[in-house]
2 protein chains.
Amino acid sequence: MKMIENVKRRHFLIGSAGTMAAAAVGMPAGAQDSDNPLPDYVSWKDAEDVIVHSKQTLETKRAAQGSELITPSTELYIRNNLPAPSDDIVANRDAWEIEIDGVANPGTMTVGDMKTLAVETVVCVLQCSGNGRAFFDHETSGTQWSVGAAGNVVWTGVPVRAVIDAMGGAAEGANFLTGTGGEEIPEGVPKETIQVERSVPMAAMDHAILAWEMNGEPLPLAHGGPLRLVIPGYYGVNNVKYLKRLALTEGESPNKIQQTSYRVRPVGVKGDPSQPSMYEMSVKSWITGPLMDAATGKVQIHGVAMGGVSDLEKVEVSIDGGQSWAEAQFLGPDLGPYAWRPFVMITDLAEGTHTLASRATAKDGLSQPETFPPNERGYGNNGWRVHAVDVTVS
Amino acid sequence: MKMIENVKRRHFLIGSAGTMAAAAVGMPAGAQDSDNPLPDYVSWKDAEDVIVHSKQTLETKRAAQGSELITPSTELYIRNNLPAPSDDIVANRDAWEIEIDGVANPGTMTVGDMKTLAVETVVCVLQCSGNGRAFFDHETSGTQWSVGAAGNVVWTGVPVRAVIDAMGGAAEGANFLTGTGGEEIPEGVPKETIQVERSVPMAAMDHAILAWEMNGEPLPLAHGGPLRLVIPGYYGVNNVKYLKRLALTEGESPNKIQQTSYRVRPVGVKGDPSQPSMYEMSVKSWITGPLMDAATGKVQIHGVAMGGVSDLEKVEVSIDGGQSWAEAQFLGPDLGPYAWRPFVMITDLAEGTHTLASRATAKDGLSQPETFPPNERGYGNNGWRVHAVDVTVS
């Protein structure tokens, strides 16, 4: 956060100087921030590395992902279901209070309290359920993400298990871990229709943490600070931001975001609770370079690969659209089963257009399919064919 | 680098607006950058996270190191023996040419050529030989580093071995790997007196890489871009910046920086080639928080630890100045034998002043000594006692 606050400070300085300058030349002061195309709450992000889909959806550029071991916070994607709360809530982070329910001794606990219990650091992929949506042939509503609604993030916080234990353990009949976000619900709107509240199976608790730090800095507001529920291996939506309530529950949240949204179903079918929920991520990879052009001769083809909830076994790369494959090399240390691994293959590319594809296989034996089936909301696309890139070599 | 360039761009904008504003209020335009205390070539660093010792020596603040798995580029320390070259040299990175000597087929190779050979990513501690110098009791010349002339960095580049192989392998009689830096030598100055040229034993070649990327971005000029020799496990000085020549040599470089500088010897004794050179780093750790005050009750004590050239076995923490010790917990994945590991211990601290110390032990069996012997230049200090911090709990 120090870095981020400092960039913010610089941004503020730009604003101030801009105001002075604007006043001096008779320009309206409102024009002071026109050099920054980013929404205010993420003004500290690197505008050159992201695509702004909307105020609440920013995508990391494919080229920027490169062969990064960790995604810098300044380029990590943003997908908020509701506007972020006021930054008042990160003014005193340790005072942020969370209601804990469905335990032997229900009550509240502050972030400060949690810091006295236990601490753990985990590296995992944060990825939106709709990452890859843009690659489906059928029409889908929702942000048309390519590959950039994903990043590899270092989280530090308290294991959920330690919090539950401190409250006397799980109450009888608990089947789900339910987290509720602290976004403001406008008056008059039934909270079930928009409130971010997700339930995940109890088994997810084994690895879940409540994170107060991201990439070694206090968790930025835009990413859910002061406290975020992080479920390694699970899609982004389950990682509830501004966590204000954590409960072990018998059933799933009654809210729309749990009952009918984030459900995988055939095209044209409405969401309902009988359909699979977007929980565990699947094995996936994509090329991050080259993306358009390359010179003839030896070229570094690189990308990133993830096992979903399993360690990776291998990544194969094809330069002929999937007719033949060769194993790529992983780059750098293995950061665990929930993290991604950059990969590289150095190969000769002759003149002409080549379709570069990658296909990851996890240690649990699962591989990326050639094509992932179309589904109503365009979730979970890990088909290798549509993730391929055409590169012209001259 | 995208991030860095963008911050630069913002900084430039501050400058422009500042000039406008200054002109408007009749201030001299030269004052435009007064909000940034950093030298120009590192103006993209986070001023809040570093201590500026001089134009060529910036230290990371102890508190900023926190429990970071990787040190962000914006807070990594700077120690340059000579002023950095003009940034013209990073305008076309792939064209940067390196002379390769002491091989069967001597010649030149560009960074672009190297990228076609092989690629590897390694995480390792970058640490100045004089880190910890400020903690010696005796007077020492040189920058008075505390703990912040160190960081944990992700490097990507080509293994030195692959380059040597591509040039036909080592010539007869090679005993050292010698790297020469591309800093400009002012006319009239004998180059042996100031040129950065270091020789390391051939064994170091097993892990050495020529790095073009740092923390997932093109290597910044301030850290040696376009190409830096990185010798994992070796002190910073051996990691030659702006590498312009790489040679396998029979003897060590005749330059002062090799012959008499960076030699460990008793206080009052002059440097000479018979004394040990600052090569391999040793096992070390230090507390990064709390540093001054804490509240009574349970407190998170955290820090970073490194094994030198070995994996870490354990880190112990003492809250009573070394009378008793308890094992701390490592945080996050192990990034390899040359990387540091953040650690944490949650413990009760009663009212009063406590001396918090940490002591690392590597898998090779070596531990930090209580006191590291004084030496003329204040090199290699890894004594646990002087790295301890006094914290007042109320």
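Structure values in brief
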{"quantity": "Residue ID - surrounded by the most Cβ atoms within 10 Å (Cβ to Cβ), chosen from residues in region B:54-69 that are under 15 Å from the mean Cα position of the chain (by Cα) and more than 10 Å from chain A (Cβ to nearest Cβ)", "calculated": "B:60"}
{"quantity": "Filtered residue count, region B:22-50, keeping only those that are surrounded by 16 or more Cβ atoms within 10 Å (Cβ to Cβ), at pLDDT 50 or above and more than 21 Å from residue B:221 (Cβ to Cβ)", "calculated": "1"}
{"quantity": "Looking only at region A:299-319, and only at residues there that are under 23 Å from the mean Cα position of the chain (by Cα) and not in a strand (DSSP E or B), the one that is farthest from residue B:113 (Cα to Cα)", "calculated": "A:309"}
{"quantity": "Those residues of region B:138-166 which are under 30 Å from residue B:114 (Cα atoms) and surrounded by fewer than 21 Cβ atoms within 10 Å (Cβ to Cβ), in sequence order", "calculated": "B:159, B:161, B:162, B:165, B:166"}
{"quantity": "Residue match in region B:346-353 (condition: aliphatic (A, V, I, L, M), more than 30 Å from residue A:122 (Cα to Cα), touching a strand residue (DSSP E or B) at 6+ places or on another chain (Cβ under 9 Å) and part of a loop (DSSP other than H, G, I, E, B))", "calculated": "yes"}
{"quantity": "Test: residue A:266 is farther than 17 Å from residue A:123 by Cα and not assigned by TED's automatic domain parsing to the domain that holds residue A:174", "calculated": "yes"}
{"quantity": "Subset of region A:224-245 (residues that are within 20 Å of residue A:122 (Cα to Cα) and in a strand (DSSP E or B))", "calculated": "A:228, A:229, A:230, A:234"}
{"quantity": "Check on residue B:362, under 24 Å from residue B:392 (Cβ atoms) and modelled with pLDDT of 95 or more", "calculated": "no"}
{"quantity": "Residues (assigned to a strand (DSSP E or B) and either in contact with a Leu (Cβ under 8 Å, 6 or more places away or on another chain) or over 18 Å from residue A:302 (Cα atoms) (or both)) located in region A:354-389", "calculated": "A:360, A:361, A:362, A:367, A:389"}
{"quantity": "Strands (runs of 3 or more DSSP E) contained entirely in region B:86-203, each with at least 2 residues that are more than 14 Å from chain A (Cβ to nearest Cβ), touching a residue at least 12 places away in the same chain (Cβ under 8 Å) and closer than 28 Å to residue A:70 by Cα", "calculated": "B:120-127"}
{"quantity": "Pair list, Cβ < 7 Å and 6+ apart or interchain, from region A:377-394 residues that are surrounded by 23 or more Cβ atoms within 10 Å (Cβ to Cβ) to residues that are charged (D, E, K, R)", "calculated": "A:378/A:133; A:381/A:133; A:382/A:284; A:384/A:359; A:384/A:370"}
{"quantity": "Hits in region A:274-327 - residues which are farther than 17 Å from residue A:146 by Cα and hydrophobic (A, V, I, L, M, F, W, C)", "calculated": "A:278, A:294, A:295, A:299, A:301, A:309, A:312, A:315, A:317, A:319, A:325, A:326"}
{"quantity": "Extreme residue, surrounded by the fewest Cβ atoms within 10 Å (Cβ to Cβ), among residues of region B:255-298 that are modelled with pLDDT of 95 or more and of a type in the set (Val, Ile, Thr)", "calculated": "B:269"}
{"quantity": "Residue B:243 being surrounded by 20 or more Cβ atoms within 10 Å (Cβ to Cβ), over 22 Å from residue B:372 (Cα atoms), of a type in the set (A, V, I, L, M, F, W, C) and within 14 Å of chain A (Cβ to nearest Cβ)", "calculated": "no"}
{"quantity": "Counted residues, region B:312-344 - those being away from every other protein chain (no Cβ under 12 Å) and surrounded by fewer than 24 Cβ atoms within 10 Å (Cβ to Cβ)", "calculated": "15"}
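Rundown of residues vs (1) without any contact (Cβ under 8 Å) to a residue 60 or more places away in the chain; (2) among the hydrophobic types (A, V, I, L, M, F, W, C); (3) farther than 29 Å from residue B:209 by Cα, yes/no style:
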site: A:299; (1), (2), (3): no, yes, no
site: A:310; (1), (2), (3): yes, no, yes
site: A:319; (1), (2), (3): yes, yes, no
site: A:330; (1), (2), (3): yes, yes, no
site: A:335; (1), (2), (3): no, yes, no
site: A:342; (1), (2), (3): no, no, no
site: A:370; (1), (2), (3): yes, no, yes
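The values are calculated or read from the model by the stated rules, or taken from the named source; none is laboratory data. No experiment lies behind these values; they were computed from the predicted model shown. So basically every Cβ, Gly included, is an ideal-geometry build from the backbone, and we count neighbours across all protein chains shown.
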